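Beneath this line is the structure, given in structure tokens, with notes to follow.
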Amino acid sequence: MPVPNGNRRLRAAFLPLCLTNEGLFRAMPTDDILRTLLMYFVLPVWLAAGFADYLCHRAAHIERTSGWKESVLHLLQFAEMALPILAALFLEINTGIILLMIVCLLLHQATAMWDVSYAAATREVKPI
């Protein structure tokens, strides 16, 4: 089924589709949709949030308040989220990978609560 060239509204109706070698569109497999979503939405948003967190910590001068211990907690949080993201990008997504993602998310949340309680005891923690 060829896609009309000039009509954007009609073209959007064919999503999520991908172009085949014959120039025809077909439905994208679910794993391609998920991988694309992870690579081009989840990962950039996650990295942007991490960079915003870095800017907040830089403004709070954590090197003089909570020091290296809070930085170690941030590295732990980074590893807890990097593992499932890398697994999703390079391995076939199955129940084991999804279970790994859930476990790492729960560990990340627990470490984040530990981090905030530690930071609140050593410095003033503001919303932004």
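The values are calculated or read from the model by the stated rules, or taken from the named source; none is laboratory data. Here the structure is a predicted model, which means the values were calculated and not measured. Positions of Cβ are generated from backbone atoms using ideal geometry, with glycine treated the same way; all protein chains shown enter the neighbour counts.
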Practice item. Kindly list the number of the only condition in (1) at pLDDT 85 or above; (2) not in a helix (DSSP H, G or I) that fails for Gly96. Key: (2)
Study note, to complete from the structure: Log entry, pairs with first residue in segment 55-68 being in contact (Cβ under 8 Å) with a residue 24 or more places away in the chain, second being not aliphatic (A, V, I, L, M), beta carbons closer than 6 Å, six or more apart or on different chains, reads Ile62/Glu70; Thr65/Thr122; Thr65/Arg123; Ser66/Thr122; Ser66/Arg123
Check your understanding: Somewhere in segment 92-105, is a residue touching a residue at least 60 places away in the same chain (Cβ under 8 Å), surrounded by 11 or more Cβ atoms within 10 Å (Cβ to Cβ) and not acidic (Asp, Glu)?
Key -> yes
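Quick check on Ala112: is it free of Cβ contacts under 8 Å to residues at least 12 places away in the same chain and of a type in the set (A, V, I, L, M)? Steps first, answer last, please.
On the way: free of Cβ contacts under 8 Å to residues at least 12 places away in the same chain: no; of a type in the set (A, V, I, L, M): yes.
No, not satisfied.
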Check your understanding: So which residues in segment 30-73 are part of a helix (DSSP H, G or I), surrounded by 13 or more Cβ atoms within 10 Å (Cβ to Cβ) and of a type in the set (S, T, N, Q), if there are any at all?
Key -> Thr36, Ser71
**Study point:** Leu19 touching a helix residue (DSSP H, G or I) at 6+ places or on another chain (Cβ under 7 Å), loosely packed, with under 13 Cβ neighbours inside 10 Å and modelled with pLDDT under 85
**Key:** no
Study note, to complete from the structure: Among Leu86, Leu38, the single one that is over 20 Å from Met113 (Cα atoms), modelled with pLDDT under 85 and not charged (D, E, K, R) is Leu38
